[in-house]
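For reference, the structure discussed in these notes is given below.
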Amino acid sequence: MNYYIITFGCQMNHSDSERIASVLEKAKYKKAPKIEGADLIVVNMCSIRRSAVDKVHGVVAKFKKLQTKNYKLKTVLTGCILKKDRKKFAEKFDLIFDIKDLPNWLKSLKNTKNYFKIKPKYQNKFSACIPIMTGCNNFCSYCVVPYTRDREFSRPAKDILNEIRNLIKHGYKEVWLLGQNVNSYKSKIQNPNYSKSNLKSKCQNQKFKIINFAKLLKMVNDIPGDFWIRFTSSHPKDFSAQLINSMAKCEKNTPYLNLPFQSGDDKILKKMNRNYTVKEYKKLIKKIRKKNPDITLSTDIIVGFPGETKKQFENTVKLFKEIKFDMAYISRYSPRPETSALKLKDNVSLREKKKRKEILNNILKKIALEKNKKYIGKIVNVLVEKQKNEFLIGKSRHYKTVKFESNKNLIGKFVKVKITDALSWGLKGKLIQKK
Ligand code: SF4
């Protein structure tokens, strides 16, 4: 039997798909190279954006055609699914299950209740996604994650470190530490210095040590090997001074950070239930840049949140110009079932939302180009990801897309590239040498 997985959503969904593939292969399924060759199609979806839900409808239409040729074809839906979407798709799929029920799925794994215990089937041979926590307690008013993924749950540090150690041993060059809010990661680890007889100081002699994200980052950094660390997503309200220091001190941590601000207007931020103000966000960026002067920053913004006036949008533009981000992921607000923002009137027209998004995109294009030009003449380290015609394409430590000509097989390798040209969305260069 052959399986085929279709993933819609963020890196966390892609990481979940690696676990789904692992469960299927334990059950003796083989990966089909194309959807047409599958006996089982798994759609791993995300209810966060309406566009992702629309894509699932498109896939369902494709099943129907395939089922006329392969009557044994079974279809499964999983991922971050809202109750409402679950009902909508109930008749269109043979089975729908929550991602957290994956261990029980197909009954292929015994004696484990924990989704994190499933060894993923890594889809990439040099860069791996490592979920460190899942779920969220923040209830931003527009977001479905607390409903689809439940409350926060942090994975034990020991398991994370073992997984990474093993990957590095097998030549992996990059690890992405993933979570809905990595900044609120918290787990316990056995204190190696603990001794029952040592009664000197209760604080210094705890049986368990608490590991927060700043400490976890340091522990990952201490794993021997030549590799890069990246992480996402971060919530500004939980970004500690300790983490800022840790980022600066950990040489394997790459100088790139995605820090969503969502809106540059305090009233909208309040309505979004983001729990920080524009002033606090700016102060945080200042602190991060002070300790990590060459960091590249990206952000997430929602335009056209219910009630967002032109003046309030101008505040977003102001903040956007002031911070000068290297990249931004800008989305138009769309009401999602079960979220508290659903009660607010979605009164910014689609036309206006599109216009606001375009305004920000045009600003981004200019600023990103300005920033990228600064790399011309410099030599940067690049992790090569893919080949396209006569070009190799990869990412620099600063998470800039770098393209250069080469016919060598360097995918998954670190190389040095001299930057010769800059575009808004990337850099062009000349291969100097393998790192
Ligand atoms: S922090 Fe807010 S936006 Fe991020 S996952 Fe949690 S609820 Fe959603």
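Which of the strands (runs of 3 or more DSSP E) contained wholly in the range 254-367 include at least 3 residues that are touching a residue at least 12 places away in the same chain (Cβ under 8 Å), within 16 Å of the ligand (Cβ to nearest atom) and surrounded by 14 or more Cβ atoms within 10 Å (Cβ to Cβ)? Write out each step before concluding.
Details: elements: 256-258, 296-303, 327-332.
So the answer is 296-303, 327-332.
Does K430 count as in contact with a strand residue (DSSP E or B) (Cβ under 7 Å, 6 or more places away or on another chain), charged (D, E, K, R) and free of Cβ contacts under 8 Å to residues at least 24 places away in the same chain?
Criteria not met by K430.
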If you check every pair at least six apart or on different chains, which have Cβ atoms under 6 Å apart with a residue in the range 89-113 that is β-branched (V, I, T) and surrounded by 15 or more Cβ atoms within 10 Å (Cβ to Cβ) first and a residue that is modelled with pLDDT of 65 or more and in a helix (DSSP H, G or I) second? I96/R86; I99/D16
Within the range 187-223, can you find the residues that are modelled with pLDDT under 95 and of a type in the set (D, E, K, R)? K188, K196, K200, K202, K207, K209
Which condition does Q180 not pass, out of (1) surrounded by 14 or more Cβ atoms within 10 Å (Cβ to Cβ); (2) under 26 Å from E18 (Cα atoms); (3) at pLDDT 95 or above, if it passes all the others? (3)
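Look through K416, K371, K400, K355 and report the one residue that is of a type outside the set (F, W, Y) and over 30 Å from F313 (Cβ atoms).
K416 is the lone residue from the list that is of a type outside the set (F, W, Y) and over 30 Å from F313 (Cβ atoms).
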Looking only at the range 264-277, decide whether some residue is under 27 Å from S424 (Cα atoms) and hydrophobic (A, V, I, L, M, F, W, C). no
Residue by residue through the range 122-146, note down the ones that are within 16 Å of the ligand (Cβ to nearest atom) and either assigned to a helix (DSSP H, G or I) or charged (D, E, K, R) (or both). V145, P146
Determine if the range 147-170 includes at least one residue that is within 16 Å of the ligand (Cβ to nearest atom), touching a residue at least 24 places away in the same chain (Cβ under 8 Å) and part of a helix (DSSP H, G or I). yes
The range 269-290: number of residues that are aromatic (F, W, Y) and under 14 Å from N315 (Cβ atoms): 1
Quick one: T232 ticks every box in (1) over 25 Å from G171 (Cα atoms); (2) within 16 Å of the ligand (Cβ to nearest atom); (3) at pLDDT 95 or above; (4) not basic (K, R) bar one, so which box is it? (1)
Give the residue, chosen from K311, K271, K282, K343, that is under 25 Å from I244 (Cβ atoms) and basic (K, R). K282
Checking N111, N70, N104 in turn, the sole residue that is on the phi > 0 side of the Ramachandran plot and at pLDDT below 85 turns out to be N111
Residues within the range 169-192 that are in contact with a Leu (Cβ under 8 Å, 6 or more places away or on another chain) and not polar (S, T, N, Q), tallied: 5
Report, by residue number, each residue of the range 171-190 that is among the basic types (K, R) and either within 16 Å of the ligand (Cβ to nearest atom) or under 19 Å from the mean Cα position of the chain (by Cα) (or both). K173, K186
The range 14-43, subset under 15 Å from the mean Cα position of the chain (by Cα) and buried (at least 20 other Cβ atoms within 10 Å of the Cβ), residue nearest to W176 (Cα to Cα): S15
Return a yes/no flag: does the range 5-23 have any residue that is more than 29 Å from M133 (Cβ to Cβ), assigned to a helix (DSSP H, G or I) and among the acidic types (D, E). no
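The values are calculated or read from the model by the stated rules, or taken from the named source; none is laboratory data. Remember, it's a predicted structure, so these values are computed and weren't measured experimentally. Cβ coordinates were reconstructed from backbone atoms using ideal geometry, including for glycine residues, and neighbour counts include every protein chain displayed.
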